[in-house]
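Participant: There's a structure below that I have some questions on.
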Amino acid sequence: MADQGDQGPCEAARRGPAAQPTGPPAAARRGDRGAVLVEFAGIFPYVLLMLAVIWQCVLIGYTFSLAGNAADQAARAGAAARGGAAGACAEAAARHVPDAWSVSASCGVQGDIYRADVTLRVPALFPGLLDLPFDVPGRAGAAAEG
């Protein structure tokens, strides 16, 4: 009769797959220590790049918003001014744009409408440091008074 500690192939098969050892042995599991840190270090530059791209998109959108608002305020100021309307228009456009954005404005009367065209340069990542090579236009009109 077989010893109680001896198990034949029939006994191991009877216990089923639950009795089979699962996963790699303990020595092999210790070999992948630090893998998460290495993977994070590898992906981190891409995370930073995506954050920079998203931030640049936010700046472009904000520049469009600023250009539209500055044109609207410039047209209102130019329409309300009697004498030097062009000076009032350009001054109002510059007043409603932060100093980090470079602004240019052209104003004039077209029929019964006082029109203001404002152009802003889009900053690259940090406003006031460097500009992208394209402009964002803003146009508005107000009823000419007088």
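The values are calculated or read from the model by the stated rules, or taken from the named source; none is laboratory data. A quick note: this is a predicted structure, and the numbers were derived from the prediction, not measured. Note that we place each Cβ from the backbone using ideal geometry, even for glycine, and neighbour counts take in every protein chain shown.
Participant: Tell me, which residue of region 125-146 that is of a type in the set (A, V, I, L, M, F, W, C) and either in a strand (DSSP E or B) or at pLDDT 85 or above (or both) is surrounded by the most Cβ atoms within 10 Å (Cβ to Cβ)?
Facilitator: Ranking the candidates gives 140 first.
Participant: Still on this structure, I have one more. Those residues that are more than 15 Å from residue 73 (Cα to Cα) and at pLDDT 85 or above, I need them from region 105-121; list them, please.
Facilitator: 121
Participant: Can you name the helices (runs of 4 or more DSSP H) wholly within region 1-104 that have at least 3 residues being modelled with pLDDT of 80 or more and exposed (fewer than 10 other Cβ atoms within 10 Å of the Cβ)?
Facilitator: Here the list reads 35-80.
Participant: Only residues that are surrounded by 14 or more Cβ atoms within 10 Å (Cβ to Cβ) and of a type in the set (Asp, Glu): list them for region 105-122, please.
Facilitator: Passing the criteria: only 117.
Participant: Which of the residues belonging to region 113-130 are over 13 Å from the mean Cα position of the chain (by Cα) and without any contact (Cβ under 8 Å) to a residue 60 or more places away in the chain?
Facilitator: 113, 114, 115, 116, 117, 118, 119, 120, 121, 128, 129, 130
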